[in-house]
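Student: Sharing a structure with you now.
The values are calculated or read from the model by the stated rules, or taken from the named source; none is laboratory data. Remember, predicted model here, so these are calculated numbers, not experimental data. For neighbour counting, all protein chains shown are included, and Cβ atoms are generated from backbone atoms with ideal geometry for every residue, glycine included.
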Amino acid sequence: LVLILDYGSQYTHLITRRIRALSVFSLCISGTSTLKSITDLNPRVVILSGGPHSVHTPDAPGFPAGFVEWVESNGVFVLGICYGLQLIVQRLGGVVMVGEKQEYGKMEIEVEKACGLFGSKKVGDKQEVWMSHGDEVAKLPEGFEVVAQSQQGSVAAIENQLRRFYGLQYHPEVTHSPEGMETLRFFLFNVCGVNAGWAMEDVVDEEIKVIKGTVGLEDHVICALSGGVDSTVAATLVHKAIGDRLHCVFVDNGLLRYKERERVMDTFERDLHLPVTCVDATEQFLSKLKGVEDPEMKRKIIGKEFICIFDDFAQDLEKKLGRKPSYLVQGTLYPDVIESCPPPGSGRTHSHTIKSHHNVGGLPKDMKLKLIEPLKLLFKDEVRQMGRILNVPEAFLKRHPFPGPGLAVRVLGDVTQENALDILRQVDEIFIQSIKDAGLYDIIWQAFAVFLPIRSVGVQGDQRTHSHVVSLRAVTSQDGMTADWYPFEHKFLNDVSRKICNSVRGVNRVVLDITSKPPSTIEWE
Ligand code: XMP
């Protein structure tokens, strides 16, 4: 195991992913974890991440008392990255100062000593790296040596091979450090002697074993399928482990996309053989939403209805089976459970801050179900990889994200207003199909249409019309937190617009959303 102690760098997750990409299992825990939680994991290598702190501030986070002694008596290797390097220097008796020349962005470094970290290089070899630091090393602890320097003459890499402490002042994990991956690979395999052996096939086998060992032979498990990748992969895995003692429910709330229900049920049943009950709750949802215009109110109503339906499903199951289901499957991912160091000035203490779990429609409070979260150590791309091994169709794994409240947040105002949902479904389908035909679906993070609660004047077939307006939105993004609008070619937009107005009755105007996030959000409500 390679353990990453997170000191709050925006790149910490990237270190974890890069190491997993080298087929080495890595986990990330808070940089303020106790010595026991570190030693219990028995890592061969510990990586200290970067972070926004300065080692000089009184509340700067660092490794716990006894860490260095434990490292040295157990033959553990330590690599500090950026802040992590400065932490090693300061804690082992060196000096870190506020740098005269701060280094941010692309820098060149030169190898001073070709062994240890740069064993595959020659003295004098240069490489481009990504730096982002204000403090710098002024004096090394005893026994350490500089193995690379930046073009400005500051310390770029250090090591003490005897004590197994290493440090990089730059970020090898980002793509702007083109040779960073090679440096990490060399460090893990050649310096630390780590074996590559972590493969997704093994993770699948291991998870199935764990689920079998957890769920008793008489126990039943339930799962709410949203039609998204995470819940589908989680359910498929659990189904492999316990067969039809898994009971899934898929709710058609009347707010789904064009033929969504048929399409996802087809995948669940035909491709994945999942035991799924499809509940048609269109009337139940739409009657509750009638006349409601406030976006937050819509979300609340939808969340509450989901819980009612889920509750009914569990009760029906109990009647049928003669016993209560014991477990609930959730597709929680690793980024949702990683504990991070709080940023400086956030007012939070260094106690663990766990990000809120995201689940489908919430959980009835009195159900007392135990959770099974088989994806909670995986990143999104790893879940897709697992999905491939479990034979989830590729097109399904690559679907754009779709919000829990569905089209309710894409029909502005009352969702039950005249034909709005029907019109929106047709427009959305034309837009998405055109994107697929143009080969753009996989490079766009999310694309959809929005129904605007206004009418505008048009002329169609010599007739004056007073019809609906729809907006098209397509964005690129890494994680949905920020986004850029996608710059379609004029011909593409022209074709889509004509197709929509010619084939969707009731629409005479198409507009394009050209706002990034921020200042907008991706969804309109
Ligand atoms: P926003 O609109 O906040 O969306 O920029 C960011 C991402 O989150 C999705 N989204 C939701 N997903 N329940 C969900 O499961 C919701 O209530 C919800 N609201 C927004 C949105 O589609 C985008 O991918």
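Student: Select from region 506-525 the residues that are part of a loop (DSSP other than H, G, I, E, B) and either free of Cβ contacts under 8 Å to residues at least 24 places away in the same chain or within 16 Å of the ligand (Cβ to nearest atom) (or both) and list them in ascending order.
Tutor: Of everything in region 506-525, those that are part of a loop (DSSP other than H, G, I, E, B) and either free of Cβ contacts under 8 Å to residues at least 24 places away in the same chain or within 16 Å of the ligand (Cβ to nearest atom) (or both) turn out to be Asp513, Ile514, Thr515, Ser516, Pro518, Pro519, Ser520, Thr521, Ile522, Glu523, Trp524, Glu525.
Student: Checking Ala196 against (1) of a type outside the set (Phe, Trp, Tyr); (2) part of a loop (DSSP other than H, G, I, E, B); (3) surrounded by 16 or more Cβ atoms within 10 Å (Cβ to Cβ), which test does it fail?
Tutor: Ala196 satisfies all of (1) of a type outside the set (Phe, Trp, Tyr); (2) part of a loop (DSSP other than H, G, I, E, B); (3) surrounded by 16 or more Cβ atoms within 10 Å (Cβ to Cβ) except (3).
Student: Being acidic (Asp, Glu) and farther than 13 Å from Gly254 by Cβ is the filter here, so list the residues in region 283-321 that pass it.
Tutor: Selection gives Glu293, Asp294, Glu296, Asp311, Asp312, Asp316, Glu318.
Student: Give, as residue ranges, the helices (runs of 4 or more DSSP H) completely inside region 274-345 that count at least 2 residues that are more than 30 Å from Cys28 (Cα to Cα).
Tutor: Result: 282-289, 295-321.
Student: Within region 444-459, count every residue that is more than 16 Å from the ligand (Cβ to nearest atom) and either of a type in the set (D, E, K, R) or farther than 17 Å from Val511 by Cα (or both).
Tutor: Total meeting the criteria: 1.
Student: Can you name the residue in region 474-488 that is within 10 Å of the ligand (Cβ to nearest atom) and not hydrophobic (A, V, I, L, M, F, W, C) and, of all such residues, is surrounded by the fewest Cβ atoms within 10 Å (Cβ to Cβ)?
Tutor: In this case the residue turns out to be Asp479.
Student: Determine the pairs where a residue that is more than 26 Å from Phe25 (Cα to Cα), located within region 40-69, has a partner that is buried (at least 22 other Cβ atoms within 10 Å of the Cβ) and among the hydroxyl-bearing types (Ser, Thr, Tyr) with Cβ atoms under 7 Å apart, the partner being 6 or more residues away or on another chain.
Tutor: Pairs that qualify, where the first residue is more than 26 Å from Phe25 (Cα to Cα) and the partner is buried (at least 22 other Cβ atoms within 10 Å of the Cβ) and among the hydroxyl-bearing types (Ser, Thr, Tyr), are His53/Tyr7; His53/Tyr83.
Student: Just to be sure I understand, how many residues within region 26-53 are crowded, with 16+ Cβ neighbours inside 10 Å, touching a strand residue (DSSP E or B) at 6+ places or on another chain (Cβ under 9 Å) and either outside any helix (DSSP H, G or I) or not hydrophobic (A, V, I, L, M, F, W, C) (or both)?
Tutor: Matching residues across region 26-53 total 17.
Student: Being loosely packed, with under 13 Cβ neighbours inside 10 Å and of a type outside the set (S, T, N, Q) is the filter here; which residues of region 489-502 pass it?
Tutor: Glu489, His490, Lys491, Arg498, listed by residue number.
Student: For region 362-374, enumerate the residues that are within 16 Å of the ligand (Cβ to nearest atom) and either at pLDDT 60 or above or closer than 16 Å to Pro325 by Cβ (or both).
Tutor: Once the filter is applied, which keeps residues that are within 16 Å of the ligand (Cβ to nearest atom) and either at pLDDT 60 or above or closer than 16 Å to Pro325 by Cβ (or both), region 362-374 yields only Leu363.
Student: Consider Gly243 carefully, then state whether it is surrounded by fewer than 18 Cβ atoms within 10 Å (Cβ to Cβ) and not in a loop (DSSP other than H, G, I, E, B).
Tutor: The answer is yes for Gly243.
Student: Additional query: For residues in region 292-303 being touching a residue at least 24 places away in the same chain (Cβ under 8 Å) and among the charged types (D, E, K, R), which is farthest from the ligand (Cβ to nearest atom)?
Tutor: Glu293
Student: Now a separate question. State which residue is surrounded by the fewest Cβ atoms within 10 Å (Cβ to Cβ) when the search covers only region 412-443 and only residues that are within 16 Å of the ligand (Cβ to nearest atom) and not in a helix (DSSP H, G or I).
Tutor: Within region 412-443, the match that is surrounded by the fewest Cβ atoms within 10 Å (Cβ to Cβ) is Leu412.
Student: Answer with yes or no whether Asp462 is at positive phi, more than 12 Å from the ligand (Cβ to nearest atom) and either at pLDDT 95 or above or surrounded by fewer than 14 Cβ atoms within 10 Å (Cβ to Cβ) (or both).
Tutor: Yes: the conditions hold for Asp462.
Student: So Thr353 ticks every box in (1) more than 16 Å from the ligand (Cβ to nearest atom); (2) modelled with pLDDT of 70 or more but one. Which box is left unticked?
Tutor: Exception for Thr353: condition (2).
Per-residue answers, yes or no, for (1) over 22 Å from Arg399 (Cα atoms); (2) within 16 Å of the ligand (Cβ to nearest atom); (3) in contact with a strand residue (DSSP E or B) (Cβ under 8 Å, 6 or more places away or on another chain); (4) assigned by TED's automatic domain parsing to the domain that holds Arg384:
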site	(1), (2), (3), (4)
Ile222	yes, no, yes, yes
Thr232	no, yes, yes, yes
Leu237	no, no, no, yes
Phe250	no, yes, yes, yes
Arg263	no, no, no, yes
Glu269	no, no, yes, yes
